[in-house]
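Enquirer: Can you read through this structure? Questions will come right after.
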Amino acid sequence: MTADARYLAFKIKTSCPHCGNPLVVNGPMKSTLCTSCNTPVRLRPAMWSSMLGDAERSALKLSMGEGYASQIMTRGFTISVECVKANFVCTDCEQEWDLDAVATGTDGTFKCPHCGHESDTYPAPGWLTAVIPTASQVFFAERSVASKEGQIAADLNDASSKPIVFSCPQCAGSLKLTKESGRTVSCSFCDADVYLPDGLWAKLHPVKKAEHWCMRFAGDYHALKSALKARKRREKEQKKAEKKARNEQ
């Protein structure tokens, strides 16, 4: 663990650009799923640079327990970001987690040193370190998984994946519904189009709560950012030289 490691807790909320309903972002991900309209929402790396970059650069100036709330307007989104420099405590025993004991690069669970309760951690993804080079390790956050269409969607509550049986209002036939079902489904008995009521839709797609998650930052932001820009410049020049060499052959 580097001596300059610093930890910031984030709580991020915005609105779905498709339906306008609240959308929580409980971890660094390139896309999340709106549980209101069941539509993936893309979160570009540049947006994350705006959401986390200012907080990271302010981290060394914050005292323990200090933080701030801000609203960021970027890429058509208005994003609410709460950031605080704080110690995380275990939800089971209410003792402080030893995050320094978790090696950078750990991908899996880690245990509370006091009661053994497990929580999730994973290294900052490459697309994030490309815009925030000091991002190091993620704690207590959701993960992203690939959907069948190749899109990225946040894991949903396990309860929402259980089938629900609903009676067709036209013929009383049984309709088996899952979280993959659309808002309007076709009855297999009478072929009527059935619009799912709000209560049932909410049962299939429970509203997620905004939760605090933690990012470990390490290293000098400006030095690493300069090194990253220099590397990208060298890579660009190398590709340009290779293309020129191929054209001259």
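Enquirer: Based on a Kirkwood Rh over C-alpha pairs, give the Stokes-Einstein translational diffusion coefficient of region 21-60 at 37 °C and viscosity 0.692 mPa s in µm²/s.
Expert: For these conditions, the coefficient is 289 µm²/s.
Enquirer: How high is the relative contact order of the chain, in percent, with contacts defined as C-alpha pairs under 8 Å that are six or more residues apart? Before the final figure, lay out the partial values.
Expert: On the way: 411 pairs, mean separation 57.3, N = 249.
With pairs under 8 Å counted, the relative contact order is 23 percent.
Enquirer: Give me, ordered by chain and number, the residues 5 or more places off Gln95 or on other chains with an amide H under 5 Å from its own placed amide H.
Expert: Cys90
Enquirer: For region 160-204, what are the per-bin percents of Cα-Cα distances with bins 10 Å wide, up to the bin holding the maximum?
Expert: Histogramming region 160-204 at 10 Å steps yields 31, 59, 10 percent.
Enquirer: Kindly provide the Kirkwood hydrodynamic radius of region 1-113 in Å, to one decimal, from all pairs of distinct alpha carbon atoms.
Expert: Numbers: mean 1/r = 0.0627 Å⁻¹.
For region 1-113, inverting the mean 1/r across all distinct Cα pairs yields 16.0 Å.
Enquirer: Which ³J(HN,Hα) values, rounded to whole Hz and listed in residue order, are derived for region 54-61 from phi using the Karplus coefficients 6.51, -1.76 and 1.60 in 6.51 cos²θ - 1.76 cosθ + 1.60 with θ = phi - 60°, glycine and proline given as x?
Expert: Karplus values, whole Hz, x for Gly and Pro: 4, 5, 4, 5, 8, 4, 5, 8.
Enquirer: How large is the convex hull of the Cα atoms of the chain per residue, expressed in Å³ as a whole number? Please list the in-between numbers first.
Expert: On the way: hull volume 45.9 nm³, N = 249.
Taking only Cα atoms, the chain has a hull volume of 184 Å³ per residue.
Enquirer: Then there's this: When a footprinting reagent is the concern and you count Cβ atoms within 10 Å, what order do Ser119, Ser58 take, fewest first? If you can, show how the numbers build up before the last one.
Expert: Details: Ser119 18, Ser58 15.
Ranked by crowding around the Cβ, least crowded first: Ser58, Ser119.
Enquirer: Just to confirm the number: angle between the C-alpha axis of helix 221-248 and the first principal axis of the chain, 0 to 90 degrees, nearest 10?
Expert: Tilt of helix 221-248: around 80 degrees.
Enquirer: Name the residues whose placed amide hydrogens come within less than 5 Å of the amide hydrogen of Leu33, ignoring near sequence neighbours (fewer than 5 apart) on the same chain.
Expert: Answer set, sorted by chain and number: Val41, Ala154.
Enquirer: ³J(HN,Hα) across region 8-23 via Karplus (A = 6.51, B = -1.76, C = 1.60, θ = phi - 60°), whole Hz, x for Gly/Pro?
Expert: Taking θ as phi minus 60°, the curve returns 10, 9, 10, 9, 10, 9, 8, 10, 5, x, 8, 10, x, 7, x, 9 Hz for region 8-23.
Enquirer: Can you sort Arg231, Arg42 from fewest to most other Cβ atoms within 10 Å of each residue's own Cβ? Spell out each step's value before the answer.
Expert: Working: Arg231 10, Arg42 13.
Arranged by neighbour count, lowest to highest, Arg231, Arg42 become Arg231, Arg42.
Enquirer: May I ask you to compute the full-extension gain from Arg42 to Met64, defined as 0.36 nm times their residue separation minus their alpha-carbon distance, rounded to one decimal in nm? All intermediate terms of the calculation are to be shown ahead of the outcome.
Expert: Working: separation 22, 0.36 × 22 = 7.92 nm, distance 3.28 nm.
Length gained, Arg42 through Met64: 4.6 nm.
Enquirer: Another one. How large is the dipole of region 160-204 about the Cα centre if only Lys and Arg carry +1 and Asp and Glu carry -1, each at its Cβ, rounded to the nearest 20 debye? Please list the in-between numbers first.
Expert: Details: 5 positive and 4 negative charges, 48 e Å.
With only Lys, Arg, Asp and Glu charged at Cβ, the dipole is about 240 debye.
Enquirer: Next up: Looking at the chain, identify the longest residue range that excludes and avoids all GluC sites (Glu not before Pro) in DSSP loops having at most 12 other Cβ atoms within 10 Å.
Expert: Counting at most 12 other Cβ atoms within 10 Å as exposed, the longest clean stretch of the chain is 181-249.
Enquirer: Let me ask something additional. As a quick test, which of the pairs Lys85/Lys240; Lys13/Lys239; Lys179/Lys232; Lys30/Lys229 have an alpha carbon distance above 32 angstrom in this structure? Provide the component values of the computation, followed by the final result.
Expert: Numbers: Lys85/Lys240 44 Å; Lys13/Lys239 39 Å; Lys179/Lys232 42 Å; Lys30/Lys229 22 Å.
The answer is Lys85/Lys240; Lys13/Lys239; Lys179/Lys232.
Enquirer: Based on the alpha carbon coordinates of region 47-128, what radius of gyration and maximum Cα-Cα distance (Dmax) apply, in Å?
Expert: 15.3, 44
Laboratory data are not the source of any read-out in this text; all were calculated from the coordinates shown. Nothing here was measured: the structure is a model prediction, and the numbers come from that model. Backbone-built Cβ (ideal geometry, glycine too); neighbour counts: all protein chains shown.
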